[in-house]
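So the structure is just underneath, and the comments pick up after that.
The values are calculated or read from the model by the stated rules, or taken from the named source; none is laboratory data. Computed from a prediction, not measured in an experiment: that's the story for all the values here. Methodologically, a virtual Cβ is constructed for each residue, glycine included, from the backbone with ideal geometry; neighbour enumeration extends over all protein chains shown.
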Amino acid sequence: MTTLKLPGLIDVHVHLREPGGEHKEDYASGTAAALAGGFTCVLDMPNTTPPTTDAERLQAKQALARSGARCDVGIFAGASTDNANSVGQLAGSACALKIYVNSTFGPLRVDNWTLLDQHIANWPATKPIVTHAEGDVLPRVLEIAHKHSQPLHVAHVATRLEIETIVAAKERGQQVTCEVTPHHLVLSRDDLPRLGPLGDVRPRLASADDRAALWHYLAYIDCVATDHAPHTLDEKHGPQVPPGLPGLETSLPLMLTAVDQGRLTLDRLIELMATAPARIFGLPPQAETFVEAEVGPRYQVTGTKLQTKCGWTPFEGVEVAGRVTKTVLRGATVFDGERVLALPGTGQVLYMAAS
Ligand code: NCD
Ligand code: ZN
């Protein structure tokens, strides 16, 4: 068994569901899951109810995070069909702008090229733009970002076509970064018969060849991000299956298992899960913050043992070889390997105006 000390991990793509989806997750439960997974800072997506599309909603969400969060949280602003001329005002207090070009859970979507052009042109260069742009729309989104000299971060790259599009853009010198999820690195559509609705996610689980392409081009991938998107088991087994999977507590165990198998180095894991996220999103350093983990002993993932309110995982029963044994945030032990010790309200909300 090897005992490791890692920096506090950063997840640049989570859905903590407040406000409006508290039965799935909230700041207190989602950040408990983060700390148990070795994450000390998470960036929270804007597809809440209501979506985070104006200053009032962003401030209301920051206040909720202020009282609930146990780790540090940055909050995304969301691009909508009617805020292309105003959302830029949120750049000071949001962690980044999220533009959904493809449809997914929630109403946020910018599906017209003129509007997308305006959003990309207007967003201040001080904070990143993140896009959900799958498959054949990705080249067009990259072209618009290039036209406006805007750096672009592409969320959850899942297919060979997408990663090869990004590789080509990087080789042309475009300022583009991207993330992959552990579920797209580990699962494929071959797992769908077994997973049923629990495997329904956007982007969809892809082919084994797509998954192989993500590993092949790992050198071009900037971050691993979970896209932690909890829904209740009742919702996942209901008539209208919402897409999305929880991932905060399985990400590091799965990635450490890949290290154990020799699929990537530990240095590369740290780059993907801490250093590059901090650099791309310009996040403030966290003093005296680290994670202890062990690699070697194998155990099975169990959904009911997780901190996430949804209480399930698509990796149920999967054997992993990595475990978080301690998380320390600003000198305090916030997870001891069994229990989350940080109280709600002890996390910091990034870019929040003093009140
Ligand atoms: C996400 C959700 O449930 O909020 N679902 C998903 O399948 N990934 C939305 C998203 O990020 O696309
Ligand atoms: Zn997402």
Name every residue in segment 246-289 that is among the hydroxyl-bearing types (Ser, Thr, Tyr) and either in contact with a Gly (Cβ under 6 Å, 6 or more places away or on another chain) or surrounded by 20 or more Cβ atoms within 10 Å (Cβ to Cβ) (or both), in order of residue number.
Thr250, Ser251, Thr257, Thr289
Looking at segment 4-27, I want the residues that are touching a residue at least 12 places away in the same chain (Cβ under 8 Å) and part of a strand (DSSP E or B) and have a partner that is among the β-branched types (Val, Ile, Thr) and within 14 Å of ligand 1 (Cβ to nearest atom) with Cβ atoms under 6 Å, at least 6 apart or on another chain. Which pairs are those?
Asp11/Val42; Asp11/Thr226; Val14/Val42
Against the conditions (1) surrounded by 15 or more Cβ atoms within 10 Å (Cβ to Cβ); (2) closer than 24 Å to Arg263 by Cα, where does Gly296 fall short? Just the number, please.
(1)
Quick check: anything in segment 76-84 within 15 Å of ligand 1 (Cβ to nearest atom), touching a residue at least 24 places away in the same chain (Cβ under 8 Å), farther than 17 Å from Ala225 by Cβ and assigned to a helix (DSSP H, G or I)?
no
Hits in segment 197-245 - residues which are of a type outside the set (A, V, I, L, M, F, W, C), buried (at least 22 other Cβ atoms within 10 Å of the Cβ) and out of contact with any Asp or Glu (no Cβ under 8 Å at 6 or more places or on another chain):
Arg211, Asp227, His231
Which one of these is closer than 23 Å to Leu283 by Cβ and either surrounded by 22 or more Cβ atoms within 10 Å (Cβ to Cβ) or under 18 Å from the mean Cα position of the chain (by Cα) (or both): Thr126, Thr159, Thr131, Thr104?
Thr131
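Residue-by-condition table, conditions (1) over 21 Å from Met255 (Cα atoms); (2) within 16 Å of ligand 2 (Cβ to nearest atom); (3) touching a residue at least 60 places away in the same chain (Cβ under 8 Å):
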| position | (1), (2), (3) |
| --- | --- |
| Asp111 | yes, no, no |
| Lys127 | yes, no, yes |
| Val130 | yes, yes, yes |
| His153 | yes, yes, yes |
| Ala168 | yes, no, no |
| Gly173 | yes, no, no |
| Val186 | no, no, yes |
Scan segment 85-117 for residues that are small (Gly, Ala, Ser) and in a loop (DSSP other than H, G, I, E, B) and jot them down.
Ser86, Ala91, Gly92, Ser93, Ala94, Ala96, Ser103, Gly106
Any residue at all in segment 57-70 that is modelled with pLDDT of 95 or more and within 14 Å of ligand 1 (Cβ to nearest atom)?
no
